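Just so you know, all these numbers are worked out from the coordinates, no wet-lab data involved. Since this is a predicted model, take the numbers as computed values, not measurements. Here the Cβ positions follow ideal geometry from the backbone for every residue, glycine too, while neighbour counts run over all protein chains shown.
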Amino acid sequence: MAFTRATGKHRAPSRLTRRSANLAGVAALATTGVVGTFASPALAADTGAPSVEDTGLTPIVTVGSLADEIADQAAAQKQEAEEAAAKARARAKAEAEAKRKAEARAEAAREAKERAAREAERKRLNSYRLPVAGSFVTTGYKTGGALWSSGSHSGVDFRAASGSSVVAVGSGTVVEAGWGGAYGNNIVIRMNDGTYTQYGHLSSIGVFVGQRVTPGQQIGLVGSTGNSTGPHLHFEARTTPEYGSDIDPVAYLRSHGVSI
Ligand SMILES: [Zn+2]
């Protein structure tokens, strides 16, 4: 084959020429069955086709990664926000629970205090004491003598100056308040336990029939009215409101915890 040079100057074949030649080569190679593994890199290299790094694909790939990163970041931020919100909700719930518990504790403490106060009041109302504070017995129960119509003392005498305070020995209701003959001004109280207590020779009476009285409540003042030789308190315990049903008043008070 003859070879001529148009200009006498050596020129490299044009890209199109080289591409055509290679395509021809590919066509030839295709018959060998290795085109898939051989032709492509050969094409890329021979045609001078830019590598992946040079084609501008890189920015596209980068943009894709950035989008993923942004999406990931958004997801992470969303998760953080959700976690923060969940924590805030949990905190608010814990605070509400703590407040509820504190209120429950305060309520329980208040109820316990009220219960204790009720219990203390119940105990107080069930308590007994001497009819004259700090006094003592000068003439005992069943003491014999001409002074008493029955021949013996139906109660006990407590030493007390005139005008001393006489109090109910326990809780009860006044069933008699007035002149009692030999007892002078006297009061009879039906105690809550069903026993009756009587207070005689009073200089004055401070309660009325039907009035409820509590332990230690003043009911009158010590005197010497009726069949009496001087100021003192005559005190009886009875099974009925009537004279003659007397029981040992000292034993009665002691049975209710009074030191006498
Ligand atoms: Zn007496």
**Request:** Set Lys and Arg Cβ to +1 and Asp and Glu Cβ to -1, take the dipole of region 137-255 about its Cα centre, and tell me which of Gly200, Pro215, Pro231 lies farthest positive.
**Result:** Pro215
**Message:** Suppose the chain between Glu242 and Val209 were pulled fully straight at 0.36 nm per residue; how much longer would it get relative to their current alpha carbon spacing?
**Reply:** 10.4 nm
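Quick one: length gained pulling Ala116 to His256 fully straight, 0.36 nm per residue minus the C-alpha distance?
On the way: separation 140, 0.36 × 140 = 50.40 nm, distance 2.17 nm.
Computed gain between Ala116 and His256 is 48.2 nm.
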**Over region 99-207, relative contact order from alpha-carbon pairs under 8 Å, at least 6 apart, %** = 18 percent
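Rounded to the nearest 20 Debye, what is the dipole magnitude of region 137-255 about its Cα centre when Lys and Arg each give +1 and Asp and Glu each give -1 at the C-beta? Spell out each step's value before the answer.
Details: 6 positive and 7 negative charges, 32 e Å.
Around 160 debye, computed over region 137-255.
Between Ala92 and Gln73, 0.36 nm times their residue separation minus their Cα-Cα distance comes to what?
Working: separation 19, 0.36 × 19 = 6.84 nm, distance 2.78 nm.
Contour length minus Cα-Cα distance gives 4.1 nm.
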**FRET efficiency, Thr229 to Ser165 (Cβ-Cβ, R0 25 Å, nearest 0.05)** = 0.70
**Prompt:** How high is the relative contact order of region 156-220, in percent, counting Cα pairs under 8 Å that sit 6 or more residues apart?
**Reply:** 40 percent
**Item:** For region 148-260: relative contact order, % (alpha-carbon pairs under 8 angstrom, 6 or more apart)
**Value:** 31 percent
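Provide the net charge surrounding Gly226, with neighbours chosen by a C-beta distance below 15 Å and charges set as Lys +1, Arg +1, Asp -1, Glu -1.
Details: positive: none; negative: Asp157, Glu176, Glu236.
Value of the local net charge: -3.
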